[in-house]
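The next block holds one structure in the form of structure tokens; read it before the comments.
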Amino acid sequence: MATPMEEDPLEVAAAPPADVAGGGAKDGDKPDAPPMESESDSSDSDDEGDAGDELRIQALERALLEQPLDYESHVQLIQCLRKSGNIEKLRAAREEMNKYFPLTPKMWQEWAKDEISLSSGRGSFDDTEKLYERGVQEYLSIKLWRDYLDYVEEHDQSVSQCSQSGLSKMRDLYERAITAGGLHVTEGSKLWEAYREYEMAILTISDGNDEEKAKQVQRVRALFHRQLSVPLADIESTLAAHKSWEAEEGNTRDPDSQIDDVPPNVLSAYKKASEMYTARKQYEDQLSDAAESEANKLQIFLKYIKFEESFGDPARVQVLYERAVSELPVSSDLWMGYTSYLDRTLKVPAILKSVYHRATRNCTWVSDLWVCYLLSLERIRASEDELRHVFELAIQCSFPSMNEYLNIYLTRVDSLRRRMPTGLDFELIRQTFVDAAEFLSPQLGIEELLLLHAYRAKLECNIGKDIAAARGVWENVLKKSGSVLEVWQHYISMEIEMGHTHEARSLYKRCYSKKFTGSGSEAVCHAWIRFEREHGTLDDYDLAIKKVTPRLKELIMFKAQQEAKSDPSSAPKETSYANDSSQKRKPSQMTSKVQPPAKKRKDNPPKKTVSSDDHRLKEQSADSRRQEAGEVSRGKAEAPVEMKVEGDSKGGNTSSNQPKPYVYSDKCTAYMSNIDLKATELHIRGFFSDIGGVVDIRLLRDRFTKKSRGLAYVDFSDKDHLEAAIRKNKQKLLSKKVSIAPSDPSKSKKNREAGTSAKGQDKLPSGGEHGENAPVEGSSGKEMPKGETKITGKNTLFAPRALVKPLGWNKKDEKPDVAAEELKSNDEFRNLLLKK
């Protein structure tokens, strides 16, 4: 492959472009000179082509200045420079690319070929030799190794002169090549053959004594024996070559026999190698198929590697991994598997460093590789400078998410913490935390960074012995994220672990009245009480109860209000008619329901309805109103209560002749909640415009302010559109993620029927001690005497006070048990608090 030595160096230097581009004429094949009259036309076209190439080179150079990690631009620039023949720029371009990326074996071969064509003198030989050394360490390539061996054998004077130093150098180089690729099943025999041929050539030209010649014969024989023990593709031809050579040396009786005169140990190794090759042939045949895609090749390699690992030969597994990453250099699965295998088995520092270095250059975007790289360097006791260098390279890479940068920083801190006994300064850890917070804070939320802050505060206390610095960490976090419960919890936990109860109590006093998301506010109140129970005095406990009790009552009331707003069907109702959940949803064209008798006595409907029981008692007399009232809401019930009021009154009684109100069936209706209060029907219709099918939109509004309550019912034309709407659950409408679910009208339907009809026969517990049930019969076609009320259903929570006997009713004297009522009201909240 090398340029012939007799060629004039100046002539070669003047014509590298044609040779480099691969389009030049071979030696001795010089074309005839073209006619003189065509030289001007040819020169004009060449000038135009050169100008175009120069413009393209300039454009690629500008592109690489802006994006130095653009792999394709590097490749194209090198190709253009090879064509133009600008060898200085070509060298610089190759060095710049290799600064960021490993070069392929083919690119190393081209680079070495270009340098050889311009080489002259010992200095050029050394530079080219270094190029080959760099190339064979990037990827495993049998061709590149053969070129390297041929170049040294031909151009190194000490080797060509067969001096003792030259022989040692060449043999060492061949042994390195055998170690790197001698186990390559399909191509490894090329290296063995080159090694044998070199030793045979030495044997041929040696004119020393018989002892030296015998040693050389033994070297050749040993190479044959070593090769015959390796499962290679052409192992049978190797055995035939061995027999032929032994016959030439006069050491065989039957040259035609394949096994005669072969030592038993060599024959045994040969048979074992043949069996091993037969077992691996299926994988080699699959890999040799050029039609296989990269994904299929990856799977074949992984199966092949698993097969080799089962035999427990690290050298064979390593060579197979090298083959795999050479063909699939950007497969992170291969590199992760390769490095993990070396960490488990070989644990050789030089090999680990080399493989991790190449892995991170090929897959810079895989943060797990960088983490494993740092851990591996720490295992082999690498220096702090080397660890810092790898860490700085890692944080300069582009990872898919910011959490991966966080993992890199935490790995670095872990390493520094573990090596503190070796004399490292704690300021290194502190500065790493500062850099991490500065780098990650703009991109990550407090939830993701909480681990980093907690880690730093703990190390400030345990290693730095600076409690003020640890508190400063949390105080700085509270300035930005004081509404995050977890920050307070970590801060308080740190103070408790160190035994600083006074400081922990001060933190509870600062945060118990804050508003946290979810049930965080209640949690911190109960946590304070537990803290005082375990660590405080009686006065501290009483103070906590005094502070926490009104706060918890406030939170319970607020929670009840929020539940009433978010779930209209569970909201308190003034009467079974006026506050029916379906009444809030009926359109303007619907007929109004008949008012209950209690309301008809006023002749005109009230302007406002009041849900307070105390206010209703002030307006109604105890005897007459209780007999005519509808349902009275007491809170949420486990089951609906059906009531029927019949009798003569001014308003008349309910009957089947009254027009029935229109009720939505909700068969194709979606229930929306958590709607932005600024959203209107038009916004909701636009939200569903991509699926269509919207028939009607009912946005629930406050009866007094007429403002949106953040709830809506949306009717669709069919179930397909309804299902499509439900799939938009948790998507944003304006600034909030809305919740969408199928509407379930079953509960509200029962509420609508309450007070208007009683079907079948139910039982209602009387106020007795054992809950005796009184059967009640009723139907819509019969009338009851005035003032009588029938109740059906098992739950009396919504029944009028006149009909349900209160807690503590004394059955003997028919009087309420006042002590029981007081006990219930006084202990209700305390029991709830203790349960929490």
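The values are calculated or read from the model by the stated rules, or taken from the named source; none is laboratory data. In this text, all values refer to a predicted model and were calculated from it rather than measured experimentally. A quick note on method: Cβ atoms are made from the backbone with ideal geometry, for glycine too, and the neighbour counts reach across all protein chains shown. Areas reflect the complete protein model, heavy atoms only, side chains present, ligands, DNA and RNA absent. Shrake-Rupley method; radii C 1.70, N 1.55, O 1.52, S 1.80 Å.
Expressed as a whole percent, the proportion of Cα-Cα pairs in region 268-330 lying more than 20 Å apart is 28%. Charged neighbours of HIS535, selected by a Cβ distance under 15 Å, balance to -4 (K, R count +1; D, E count -1).
Heavy atoms of the protein chains alone define the surface here; on that basis region 241-387 has 51 Å² accessible area per residue at 1.4 Å probe size.
The listed residues THR432, THR186, once ranked by accessible area (1.4 Å probe) with the largest placed first, stand as THR186, THR432. For region 377-442, the list of trypsin sites (Lys or Arg not before Pro) that fall in a loop by DSSP and count at most 16 other C-beta atoms within 10 angstrom reads ARG381, ARG419. Measuring against 26 Å, Cα to Cα, the residue pairs LYS83/LYS130; LYS272/LYS353; LYS706/LYS737 contain LYS272/LYS353 as the ones spanning a longer distance. The Cα atoms of region 319-438 cover 45, 31, 18 Å along the three principal axes, with the biggest extent listed first. Shape summary of region 135-183, radius of gyration then Dmax from alpha carbon positions: 11.1, 31 Å.
The heavy atoms of SER168 offer some 50 square angstrom of accessible surface to a 1.4 angstrom probe. This model, with +1 at the C-beta of Lys and Arg and -1 at the C-beta of Asp and Glu, gives region 293-411 a dipole about its Cα centre of some 260 debye.
Work through the residues other than LEU734 whose Cβ is under 9 Å from its Cβ and net out their charges, Lys, Arg +1 and Asp, Glu -1. Taking every Cβ under 9 Å from that of LEU734, the sum is +2. Rolled with a 1.4 Å probe across the full set of protein chains, the surface gives LYS215 an accessible area near 100 Å².
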